[in-house]
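J.: Could you have a look at this structure, given as structure tokens, before my questions?
The values are calculated or read from the model by the stated rules, or taken from the named source; none is laboratory data. Nothing here was measured: the structure is a model prediction, and the numbers come from that model. Note that each Cβ is placed from the backbone with ideal geometry, even for glycine, and that neighbours are counted across all protein chains shown.
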């Protein structure tokens, strides 16, 4: 499958997924950091503390695009 020359690529992210962790990188606490730590809000009490780890993997992520 090919794409036309004028095809415009795009990406989307969420700050909660890519800005790093409160503990490790000094990021301010996000409302989701609080919400996901309260029992019963998220399936199996998962958090997004690591998520896709874009904070550390952005060079690899950009290469994949």
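J.: Which of the numbered conditions does residue 12 fail, given that it passes all the others? Conditions: (1) modelled with pLDDT of 85 or more; (2) closer than 25 Å to residue 65 by Cα; (3) touching a helix residue (DSSP H, G or I) at 6+ places or on another chain (Cβ under 6 Å).
T.: Unmet condition: (3).
J.: Can you work out which of the residues in region 44-55 that are within 15 Å of the chain's Cα centre (by Cα) and over 25 Å from residue 65 (Cα atoms) is modelled with the highest pLDDT?
T.: 46
J.: Then there is this: Quick one: count up the residues across region 18-43 that are loosely packed, with under 10 Cβ neighbours inside 10 Å and either touching a strand residue (DSSP E or B) at 6+ places or on another chain (Cβ under 6 Å) or at pLDDT 90 or above (or both).
T.: Qualifying residue count for the region: 4.
J.: So, one more: Among all residue pairs at least 6 apart or on different chains, which show Cβ distances below 8 Å where the first residue, located in region 38-59, is at positive phi and assigned to a helix (DSSP H, G or I) and the second is modelled with pLDDT of 90 or more and surrounded by 14 or more Cβ atoms within 10 Å (Cβ to Cβ)?
T.: That search, which allows pairs on different chains as well, returns nothing.
J.: Next question, about the same structure. Which residue out of 24, 28 is within 16 Å of the chain's Cα centre (by Cα) and in a loop (DSSP other than H, G, I, E, B)?
T.: Exactly one of 24, 28 is within 16 Å of the chain's Cα centre (by Cα) and in a loop (DSSP other than H, G, I, E, B), namely 28.
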